[in-house]
Structures are given as structure tokens and as C-alpha cells.
1. Say whether the condition of being free of Cβ contacts under 8 Å to residues at least 60 places away in the same chain, of a type outside the set (Gly, Ala, Ser) and buried (at least 18 other Cβ atoms within 10 Å of the Cβ) is met by at least one residue in region 314-323.
2. It is to be established whether one or more residues within region 82-96 are more than 30 Å from Leu319 (Cβ to Cβ) and in a helix (DSSP H, G or I).
3. Out of Ala185, Ala148, report the one residue that is buried (at least 22 other Cβ atoms within 10 Å of the Cβ), modelled with pLDDT of 90 or more and not in a helix (DSSP H, G or I).
4. Residues that are β-branched (Val, Ile, Thr), at least 2 per element: which helices (runs of 4 or more DSSP H) completely within region 267-336 meet that?
5. Could you tell me whether Gln104 is more than 27 Å from Pro249 (Cβ to Cβ) and modelled with pLDDT under 95?
6. What pairs come up if the first residue lies in region 51-62 and is under 21 Å from Gln96 (Cβ atoms) and in contact (Cβ under 8 Å) with a residue 12 or more places away in the chain, the second is part of a loop (DSSP other than H, G, I, E, B) and more than 9 Å from the ligand (Cβ to nearest atom), and their beta carbons are under 7 Å apart, counting only those six or more places apart or on different chains?
7. Which one of these does Cys210 not meet: (1) surrounded by fewer than 17 Cβ atoms within 10 Å (Cβ to Cβ); (2) in a strand (DSSP E or B)?
8. Are any of the residues in region 111-129 part of a loop (DSSP other than H, G, I, E, B), more than 20 Å from Val302 (Cβ to Cβ) and at pLDDT 90 or above?
Amino acid sequence: MWTTLPTITKYLIIPNNLLVNRQNNSQIFANFADKNNISVKGTFMKHYFCPNENCENHKYAKPGWYVKNGYYKTKHNYQRVPRYKCKCCKANFSSQTFKDTYKQKKPSLNKKIYELYSSNTSQNRLCKLLNCNIKTVVRKIRFLANKARTLHNVNMKNIEIRDIQFDEMETFEHSRKKPISIAVAVEVERFEKKGKPRFRTGRILGLVACCMPAKGHLAKVSQELYGYRRDDRYQAGIDALSKIKADSPTIMSDGKRAYPSLFKEVFPTATVKTITRKQNSGTKFDPMFSLNHACALLRHDVSRLARKSWVTTKNLSGLQDHLDIWTAYRNGYKLA
Ligand SMILES: [Zn+2]
């Protein structure tokens, strides 16, 4: 509901180096290409087709369907980009036409914004550091967030998950009287060291932000100032978990009463483990370490979630974009 899959434009060709992950990246890309009718074998030019939708070379490009037609120089780095012409309909295009950075004036900023925005830098500081306008930064963030969501959805469909840890964290939009809840689902990665089983924080599986009503002494003031506020926490939990491909996984969480029914709704055969605060205190080993570690990373890396910060969320979709970009960064996807 909150993370809708963006529609992939017809001319989007994903380059081979786009999906970089710890495991089976080539398989993921092959599956993605198969679904979107993108040919990955053969030379670079063989993926191309005529950009004119009414042309016969649009769907099935014949061999030798285009001719070279000079070049142009880009404004940002003065590189030569070769131009081509369709033999059938005489439509002009270049190699840039098929890239997702088509019509972008400063594509070189994408990578910097991707890395800095996931490393505790605010949008305002990004403008100063990169010497560009705030509108450029906002546009690039939306572009990166869309791409991050697409890649994450593709990745989640192809990787089987065994152990999940789930919890919620809280922040606010504009004022503390308008709180936001973030559903966090993290993978626990198992590995062996000297023959002993060990655990570490794996992939970030789902981060979904949603609105929730104010609690405590702010509840009454919030109601008077802003009226009724919806509680979408249950749906956000479903959205965060439903993308995960898992066959009867083990899900660990704290003792919130709504969780077992939530987990059973998404994974009917799941094993649910509840770690209460009593069980957790006084033990050397933190059973919820992966999740707590991920939350600590979020508080450090996402500028608007940092403690004692003047950076705040202005709207929910902006926060969701930031979370999706951070997920991509943390999971090691190559966006730009
Ligand atoms: Zn054509």
C-alpha cells in the first residue's frame, strides 16, 4: 500500500552492473530481464530498439536496422555520445535514449546524492556540498527512491529468507503531535566461525512508514489541533513483511500483542518467537541484536531520524523515499 512498485518505462534498459549484491546477482538480473522482455545476451547495441512506438523496429528490431548519425557532446562532462537513425522511420536516437538517466542534465550527481543522503546528510547540506539547487536534489531523490524500490522488490522475489526480526520505531512529521511509526523487518544472517554458529545483521527486508495517533499527554492536544489521526500500523507491518519470500520462517519480535496475528496473516506456517524485556535483561547475548543494530544504523545514517537533530520529516512520502534509498544503500544495490 505504501510502497507501490513504480512502473518501468518502456525504454528503460538496466545495465549489467546495476544489481550488485552479496549473492547470486546475475541470477536476479536474468529473472528481472526475463520478466520485462529485456535481452541481456549479445552486444550492447542488440538491446536497442526503435524508440518510435509505431515503427516496425520497435518491438522486434531487425539486424542492421539503424545507421550511425554523428554524435553530440554532453553539457556536464563534454563526452561524445554517438547518435543513430532508424532506417525504417528515420527516428533519431542515441545510446542515452535507453538509459534511465535520459534527459537528466546532471547525471553525475546521482551517485553523490545516493551516498551522501544515506550517510547522515540533510537535503539542504546536499545543495551546499554539490553546489546545486534544492529542486535538483529533491528530483534526484525521487528518481533514486523509485529505482531503489524496483531493485528491492526484484531482490526480495529472488532470495529465500529463513530468520526475520521485526519491530517498530517512532518518529514524527512536522510536529511531535503528528507521530509516525516505521515497521522494520531485518534478516538474521547465520554463519559459522570455528565450527560454532554465529549471527549477524543481514539484509534490510522492509521499512514502511505510516501514520499513528499521538500517545500520552500529547494525545489530547493533537486531537484538538489536527483532529483524528489514522492508525495504519497493522497495514504497514503487513506491507513490510509481505514482500519477503519465505517458506515457514522464524520471526522474532518483542511482546506487542498485535504481532502474532500479524505474522500469522502474512506467513501462516511461521514460527513466532517473542522476546519480552524480562527475558532480555541480564543476559550477555542480545537475541534481538540484528534488529537493534539496524535501528541504531538508521538513527545514525538517516539524517531525519537522528537523535537531537534539527532535521525533521515534512511529509510521509519524503520519509518513505529516504528509507527506501537507505535500504538500497545498506543492502548494497548499485543505483547510480
Ligand atoms: Zn523506427
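1. Checked against the condition, which is being free of Cβ contacts under 8 Å to residues at least 60 places away in the same chain, of a type outside the set (Gly, Ala, Ser) and buried (at least 18 other Cβ atoms within 10 Å of the Cβ), region 314-323 yields no hits at all.
2. Our first condition is that a residue be more than 30 Å from Leu319 (Cβ to Cβ); within region 82-96, this holds for 82-96.
Those left that are additionally in a helix (DSSP H, G or I): 95-96.
For region 82-96, residues more than 30 Å from Leu319 (Cβ to Cβ) and in a helix (DSSP H, G or I): present.
3. On the way: Ala148 fails: not in a helix (DSSP H, G or I).
So the residue among Ala185, Ala148 that is buried (at least 22 other Cβ atoms within 10 Å of the Cβ), modelled with pLDDT of 90 or more and not in a helix (DSSP H, G or I) is Ala185.
4. Details: elements: 277-280, 289-301, 316-331.
Because the criterion is at least 2 residues that are β-branched (Val, Ile, Thr), the helices (runs of 4 or more DSSP H) in region 267-336 that meet it are 316-331.
5. Working: more than 27 Å from Pro249 (Cβ to Cβ): yes; modelled with pLDDT under 95: yes.
Answer is yes for this residue.
6. Pro51/Tyr11; Ala61/Tyr48
7. (1)
8. Of all residues in region 111-129, those part of a loop (DSSP other than H, G, I, E, B) come to 118-122.
Cutting the leftovers down to more than 20 Å from Val302 (Cβ to Cβ) gives us none.
Taking every residue of region 111-129 in turn, none turns out to be part of a loop (DSSP other than H, G, I, E, B), more than 20 Å from Val302 (Cβ to Cβ) and at pLDDT 90 or above.
The values are calculated or read from the model by the stated rules, or taken from the named source; none is laboratory data. Remember, predicted model here, so these are calculated numbers, not experimental data. As a convention, Cβ positions derive from the backbone with ideal geometry for all residues, glycine included, and neighbour counts pool all protein chains shown.
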